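The values are calculated or read from the model by the stated rules, or taken from the named source; none is laboratory data. Quick caveat: nothing in here was measured; it's all calculated off a predicted structure. When we count neighbours, we look across all protein chains shown, and the Cβ atoms used for this are built from the backbone with ideal geometry, even at glycine.
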Amino acid sequence: MTSPRRGLTPTGITRGLTSYGDAGLSAFIRRAFTKGMGFTDEDMARPVIGICNTFSEFNNCHSHFRGLAEAVKRGVWQAGGFPLEFPTISLGELFLSPTSMLLRNLAAMDAEEMIRAQPMDGVVLMCGCDKTVPAHLMAAASADVPAIVLTGGPMLNGRYEGRDLGACTDCRRVWAEYRAGTIDEQTVDAIEEALCRSAGTCMSMGTASTMAAIVEALGMSLPGCAAIPAVDARRLQLAERTGRQIVEVARQGIRPSRVMTAAALANAIRVCMALGGSTNAVVHLVAVAGRLGIDLPLALFDELSRATPLLANVKPSGAYQMENLFEAGGIPAVMKELEPLLDLDQLTVTGWTIGEYLAGVAKAERWREIIAPLERPLHPEGGLAILRGNLAPDGAVIKQSAASPNLLRHTGRAVVFSSLADLARVDDPDLDITADDVMVLQNAGPVGGPGMPEAGMLPIPKKLLAQGIRDVVRISDARMSGTAFGTVVLHVAPEAAVGGPLALVRTGDRIALDVPARRLDLLVDEAELAQRRAEWRPPASPFTRGYGRLFVEHVLQADRGCDFDFLTRSGR
Ligand code: FES
């Protein structure tokens, strides 16, 4: 075989040489050091495929990634590529403080820069837990090297006393009942043992499953990838096929910017709506679009939600979980139902268009309990709604499919918590609150949180739980887990910490929520608000240095995806 030394082509292992002022020397040293790992000229003559592995023992959702990466490598070798695995930071949702969202942009920067700096003709991006998927999509969009995303798949269903349990929809339900005193400590302990039966991501339609479905709808993964359980052998088979296909994608030069078009993003929004997907998808998709230079206004989410029925009967909007959705045909079966509403000409990493691969997908006729037909949906509208009003001039998000129908149109008295720390008094027996009140949390947004934590599903005060109350209207500039539920208004923009109207709300004010009319209003006259605005002072930032300081100084508001201003396509 011809030595790649003679060619010095800017592909494969000699792509992007280290700068010593002598390209020949750089290539010579790189080849020598690659041989130092035991590889040969024959290996180096092949297209190099990076495998970005976010394995970490601080990330339970990715604990099976070592085996998955080996399966990808098998596929790469089979197809004539040269696989080289590399690590980037991993974000395990439940192992990070104060919140993984603070680190999403760091993960995106890490992946982007390592894809760009290292010599690779294509890359497989292995991700799964909530923020890792958008981070990798953002990185893929910015680096624009041929890429396939391989999500890790959901956990098996939790099982307790013959019933399926979902992380973390049922974590929240069980904990609320425990706080209400309706289940005892022993039961909570037993459920803690039974909830998470395997590696993989949360198995309800939380953020991880939503983002995995979005990856598939965008055409950035192989069809079927999102729903195969993490530990099912078919995921290893799909990983091997991903390894084979990335070599082809690299050879054909199919870059993410050709796959993630404006129409593909609209397809992804429709799939999200039909699934009752996570509110977090709004923030993440806007951030991905920003990397591509595509304008994705919140109004488009609302427009597509109104025109896309809810089809998937999956928690937290429905009754089933990802394992069941997989048996019913997974995301391809949902997309088959949505076929008349999708742009079928969009290219995918299969090399086919969406329409071409959907032509070979069957409808879920035997599984109508799990995937409703388009003509008989579970709900005529999608799961999410975008609200506006004087309390959220730049928008807010609610998951209407997981809210209490009787609270979707509600006016009540505000009970304000000024920060996450202030929530410590939520169980105070003297807290003046009724089921008709509206709980408001301030200073939990991108800057104020900091990092916009998933604290928007405020705990119901114990005194209300004791009265049998399980939902009240809650409003904040925070996010909430995609597995959470309730009448919870999130992502209020601008946030309180930068002086948004949310900062001006005081206990006793009246707030009107009208989801059918898409309105969120603070019923306080403008003169009074002007006076409060003049008195308002921003809260002190907890960060004086390092990444935290970079974050609060450059993070965009929720309606703009919470990316850093200098990372968008325009760099502003
Ligand atoms: Fe990783 Fe839920 S904790 S997906």
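Annotations
- First in the stretch 499-514 and of a type in the set (D, E, K, R), second anywhere and loosely packed, with under 14 Cβ neighbours inside 10 Å, Cβ under 9 Å, 6 or more apart: D509/L523; R510/L523; D514/R409
- Cβ pairs under 7 Å, 6+ apart, first in the stretch 203-217 and farther than 17 Å from P229 by Cβ, second within 9 Å of the ligand (Cβ to nearest atom) and at pLDDT below 95: T207/S481; T207/G482
- Candidate set from the stretch 469-485 (those that are at pLDDT 95 or above and not aliphatic (A, V, I, L, M)); member that is surrounded by the fewest Cβ atoms within 10 Å (Cβ to Cβ): D471
- Qualifying positions in the stretch 179-215 - basic (K, R) and within 15 Å of the ligand (Cβ to nearest atom): R197
- Flag if L91 is at pLDDT 95 or above, within 28 Å of Q557 (Cβ to Cβ) and not polar (S, T, N, Q): yes
- The condition of being closer than 30 Å to F326 by Cα and basic (K, R) holds for only one of R104, R116, that being R104.
- Identity of the residue in the stretch 144-159, surrounded by fewer than 24 Cβ atoms within 10 Å (Cβ to Cβ) and more than 16 Å from the ligand (Cβ to nearest atom), that ends up nearest to M120 (Cα to Cα): V145
- Test result for L338, in a helix (DSSP H, G or I), more than 20 Å from S204 (Cα to Cα) and in contact (Cβ under 8 Å) with a residue 60 or more places away in the chain: yes
- Leading residue by the ranking (farthest from the ligand (Cβ to nearest atom)) among those in the stretch 454-490 that are in a loop (DSSP other than H, G, I, E, B) and of a type in the set (S, T, Y): T487
- Of L218, L165, L222, all but one fail to be within 16 Å of the ligand (Cβ to nearest atom) and of a type outside the set (V, I, T); the exception is L165.
- In the stretch 341-372, of all residues being exposed (fewer than 15 other Cβ atoms within 10 Å of the Cβ) and in contact (Cβ under 8 Å) with a residue 40 or more places away in the chain, the one that is farthest from D232 (Cα to Cα) corresponds to D345.
- Identity of the residue in the stretch 302-318, small (G, A, S) and under 21 Å from the mean Cα position of the chain (by Cα), that ends up modelled with the lowest pLDDT: S317
- Looking only at residues of the stretch 65-81 that are away from the ligand (no atom under 16 Å from the Cβ) and crowded, with 23+ Cβ neighbours inside 10 Å, we find that the one that is farthest from L238 (Cα to Cα) is G81.
- Evaluation of W175 against the conditions (1) surrounded by fewer than 18 Cβ atoms within 10 Å (Cβ to Cβ); (2) at positive phi; (3) within 16 Å of the ligand (Cβ to nearest atom) shows that the sole unmet condition is (2).
- When the stretch 114-141 is limited to residues that are assigned to a helix (DSSP H, G or I) and within 16 Å of the ligand (Cβ to nearest atom), the one that is surrounded by the most Cβ atoms within 10 Å (Cβ to Cβ) turns out to be T132.
- Considering each residue of the stretch 343-355 in turn, none proves to be touching a strand residue (DSSP E or B) at 6+ places or on another chain (Cβ under 8 Å) and closer than 28 Å to G448 by Cα.
- The criterion of being at pLDDT 95 or above and either part of a helix (DSSP H, G or I) or β-branched (V, I, T) (or both) does not hold for F86.
- Checking the stated criteria, E248 turns out not to satisfy the condition of being assigned to a helix (DSSP H, G or I), within 16 Å of the ligand (Cβ to nearest atom), more than 25 Å from A362 (Cα to Cα) and not aromatic (F, W, Y).
- Selected residue (criterion: surrounded by the fewest Cβ atoms within 10 Å (Cβ to Cβ)) from residues of the stretch 225-237 that are closer than 25 Å to E248 by Cβ and either within 16 Å of the ligand (Cβ to nearest atom) or hydrophobic (A, V, I, L, M, F, W, C) (or both): A233
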